[in-house]
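Inspection log for the structure reproduced underneath, given as structure tokens.
The values are calculated or read from the model by the stated rules, or taken from the named source; none is laboratory data. Note that this is a predicted model, so its numbers are computed, not measured. So basically every Cβ, Gly included, is an ideal-geometry build from the backbone, and we count neighbours across all protein chains shown.
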Amino acid sequence: MIDSCDNIFVSMALSGEIVKIDPWGQQSTHAFLPIGVPFDPETFSGIMGAMVIDRFDDIYVNVSAVDPDDRGVWVVHPDGSTALVANLPESAVPNGIAKRGRTLYVADSATDGKVWAVPLNGGDPYVWAEHPLLDSDPDVPFPGPNGVQIYRRELYVSNSNAAQIVAFPFPEGGEPRVVADVGCDDFAFDRQRNLYCGTDPFNTVLKVSQDGSIETLLDADDGLDGPTAVLFGRFGPDRFRLYIANAAFPFFSADPMPSLMRLSVGTRGGRR
């Protein structure tokens, strides 16, 4: 995420740390969220999902915590203080997150995938969308609903397990359409409605055009190592640049090299 002062925030999914990178490249710990025990491939470990920022520079973060009391959506304030916004069921695996108005929309990567709505003005979370296109096959080793973004009256969800991106009418909901057959993690849009996504273990950054055609912009030879999220810059020339977070998860990467990359794409990020 990028705040109003052009600071970049990167989530360290397996530790619960949010790292702040200032405009001069200095790194510092902004906050820690309670995911639970450190990563262990032999046991269930907590994991931190995606983030979204509002106009007050509050960051909302999904946390799949080991402790059910901590599982759900958290807020990190500009001073680094944190608070639980909403608890989600123990069976939920909150991953991607988007915000519109005073509601958060959360992609649930569980096998019976869905999208939750989390009101910020009070009230319990509720299921906003549930559809067979969000389901996943437990024998396929990838999460279900993963990234979620709202763009031009549609809510887009990447189902990594099914290797599809689907779009629901927004805000009314309803029958979704398949946008593309591609295994995508999180993603971003430009102003021409092209979609850019990281494919995590497949080590590519793809551009999906409106007609469904797919172009590979980067691959492992360019230094990708588990690209999980992409985001356009907010100010000046940065609006034409795509930031790529390489998670380098140890269960996918043989020689983990986590990093943040930047790519000029020649077009501006889209207004949501």
Which one is surrounded by the most Cβ atoms within 10 Å (Cβ to Cβ) among residues in segment 208-226 that are out of contact with any strand residue (DSSP E or B) (no Cβ under 6 Å at 6 or more places or on another chain) and under 13 Å from Ile165 (Cβ atoms)? Ser209
May I ask you to list the residues in segment 57-83 that are aliphatic (A, V, I, L, M) and either assigned to a strand (DSSP E or B) or at positive phi (or both)? Ile59, Val61, Val63, Val73, Val75, Val76, Ala83
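Condition check ((1) in the same structural domain as Val93 (by TED's automatic domain parsing); (2) at pLDDT 95 or above; (3) within 15 Å of Ala245 (Cα to Cα)) across all residues:
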residue	(1), (2), (3)
Met1	no, no, yes
Leu14	no, no, yes
Ile18	no, yes, yes
Phe32	no, yes, no
Thr43	no, no, no
Gly49	no, no, yes
Can you find, within segment 249-272, the residue that is modelled with the highest pLDDT among those that are farther than 22 Å from Ile21 by Cα and hydroxyl-bearing (Ser, Thr, Tyr)? Thr267
Are any residues in segment 185-244 under 23 Å from Met51 (Cα atoms) and of a type in the set (S, T, N, Q), and if so, which ones? Asn194, Thr199, Asn203, Thr204, Thr228
Go through Asp69, Asp108 for me and flag whichever is at pLDDT 95 or above, surrounded by fewer than 23 Cβ atoms within 10 Å (Cβ to Cβ) and either closer than 20 Å to Gly16 by Cβ or assigned by TED's automatic domain parsing to the domain that holds Thr228 (or both). Asp69
Pairs needed: first member in segment 1-21, at positive phi; second member anywhere, crowded, with 21+ Cβ neighbours inside 10 Å and in a loop (DSSP other than H, G, I, E, B); C-beta distance under 8 Å; at least 6 residues apart or different chains. Gly16/Leu33; Gly16/Ile35; Gly16/Gly46
What's the number of the only condition in (1) of a type outside the set (Val, Ile, Thr); (2) more than 20 Å from Ala247 (Cα to Cα); (3) at pLDDT 95 or above that Asp22 fails to meet? (2)
Could you tell me which residue of segment 128-151 is nearest to the chain's Cα centre (by Cα), considering only residues that are charged (D, E, K, R) and part of a loop (DSSP other than H, G, I, E, B)? Asp137
Please tell me if Ala98 is surrounded by fewer than 21 Cβ atoms within 10 Å (Cβ to Cβ), in contact with a Phe, Trp or Tyr (Cβ under 8 Å, 6 or more places away or on another chain) and assigned to a strand (DSSP E or B). no
Considering every residue within segment 152-163, establish whether at least one is hydroxyl-bearing (Ser, Thr, Tyr) and over 13 Å from the mean Cα position of the chain (by Cα). no
Can you find, within segment 171-201, the residue that is surrounded by the most Cβ atoms within 10 Å (Cβ to Cβ) among those that are closer than 16 Å to Ala245 by Cα and modelled with pLDDT under 95? Asp200
Kindly provide the set of residues from segment 229-249 that are touching a residue at least 60 places away in the same chain (Cβ under 8 Å) and closer than 17 Å to Val10 by Cβ, ordered by number. Ala229, Leu231, Gly233, Arg234, Asp238, Tyr243, Ala245, Ala247, Phe249
Go through segment 216-228 and give me each residue that's in contact with an Asp or Glu (Cβ under 7 Å, 6 or more places away or on another chain) and without any contact (Cβ under 8 Å) to a residue 60 or more places away in the chain. Gly226, Pro227
Out of Pro227, Pro250, sole residue that is outside the structural domain of Gly16 (by TED's automatic domain parsing) and either among the basic types (Lys, Arg) or within 14 Å of Phe187 (Cα to Cα) (or both): Pro227
Segment 227-264 - residue that is surrounded by fewer than 18 Cβ atoms within 10 Å (Cβ to Cβ) and touching a helix residue (DSSP H, G or I) at 6+ places or on another chain (Cβ under 7 Å) and, of those, nearest to Gln149 (Cα to Cα): Ser264
